[in-house]
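Heads up: the structure comes next, in C-alpha cells.
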Amino acid sequence: MHVVGYVRERPGSDSVDTAFMQAERIRIWVARNGYDLISICQDNANSAEREGFGAVLGIISSGQAELVVVPTLEALSPDKITQEVMLFELRETGISVASTEEDDLLALSVPPTDPARMLIRDVLDKAAGFRGVRGTAPTELSAVQGVESELVPDVIVEFVDSLPTNEPDPDRALA
C-alpha cells in the first residue's frame, strides 16, 4: 500500500515534537506495517495556507496513495472541528486515514464514539448534501422557462417581473 504522510509543527511547540520527529514516527509506523512511504508533506506552524495539506490532496487525486498517515491528529490541528473538516476532506476522496498514536484510533473510527465528533461529522455530511442539491441547479435558461428538460425534474421556477404594489392597475381601469 502506498502511503503519504502529513506533518505540521504546532504553533509554539517545543523541541520535543518537531516536524522531523513527527516524520520519523510516520517512517517507523509505515515500516512496521510493511507499507511503501512515497512522500511526507509538511506545513509550517504559522502558515494558514496549508500548502503541505494541499500537496497531500494532490498526491491523492493523482492516485499515487491509498492511505494518509499523521503522527497524531494534533498535527492536523489542536481543534477538533478543524481536524474533522480536514478528515472529511480526505475521506471525500475515498482515502483512508491513520495515526501513529493508538489514542487517535477511536477518534478516527467510523462512526466516531465522541459525541462532539459525531455532531461535527453530521453537520459536515448535511452541508455536503446541501451542496450536492445546490449543485444540481439548471444552467440553461430554457430548462427553467418551462421547456421540458431532464436537468430539472419536479422543479417549478416562476419569474416575477416586479413586486406587487397597492396602486391600481391602469389596464384594469380602462376595461
Counting only residues 5 or more apart in sequence or on a different chain, those whose built amide H sits under 5 Å from that of Ser96 are Val68
Using Cα pairs under 8 angstrom and six or more residues apart, how large is the relative contact order of the stretch 62-121, in percent? 35 percent
Here the net charge surrounding Arg50, from other residues whose Cβ is less than 11 Å away from its Cβ (Lys, Arg +1; Asp, Glu -1), is -3
Name the shape class, rounded, prolate or oblate, that the alpha-carbon gyration tensor gives for the stretch 2-110, where a ≥ b ≥ c are the square roots of its eigenvalues, rounded holds for a/c under 1.5, and otherwise prolate holds if a/b is larger than b/c and oblate otherwise. rounded
Quick one: 3J(HN,Hα) in Hz for the stretch 78-91, Karplus 6.51/-1.76/1.60 with θ = phi - 60°, rounded, Gly and Pro as x. x, 8, 4, 5, 5, 4, 5, 5, 5, 5, 4, 4, 5, 5
With a sphere of radius 15 Å drawn around the Cβ of Arg25, what net charge do the other residues whose Cβ falls strictly inside it have (Lys, Arg +1; Asp, Glu -1)? -4
What full-extension length gain, to one decimal in nm, is calculated for Glu92 and Ile28 as 0.36 nm per residue of separation minus the Cα-Cα distance? 20.3 nm
Quick one: 3J(HN,Hα) in Hz for the stretch 20-33, Karplus 6.51/-1.76/1.60 with θ = phi - 60°, rounded, Gly and Pro as x. 4, 5, 4, 4, 5, 4, 5, 4, 5, 4, 5, 5, 4, 8
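Each value in this text was obtained by applying a stated rule to the coordinates, not by laboratory testing. Because the structure is predicted, anything quoted here is derived from the model rather than measured. Quick reminder, even Gly has a Cβ in these numbers, built from the backbone with ideal geometry, and neighbours come from all protein chains shown.
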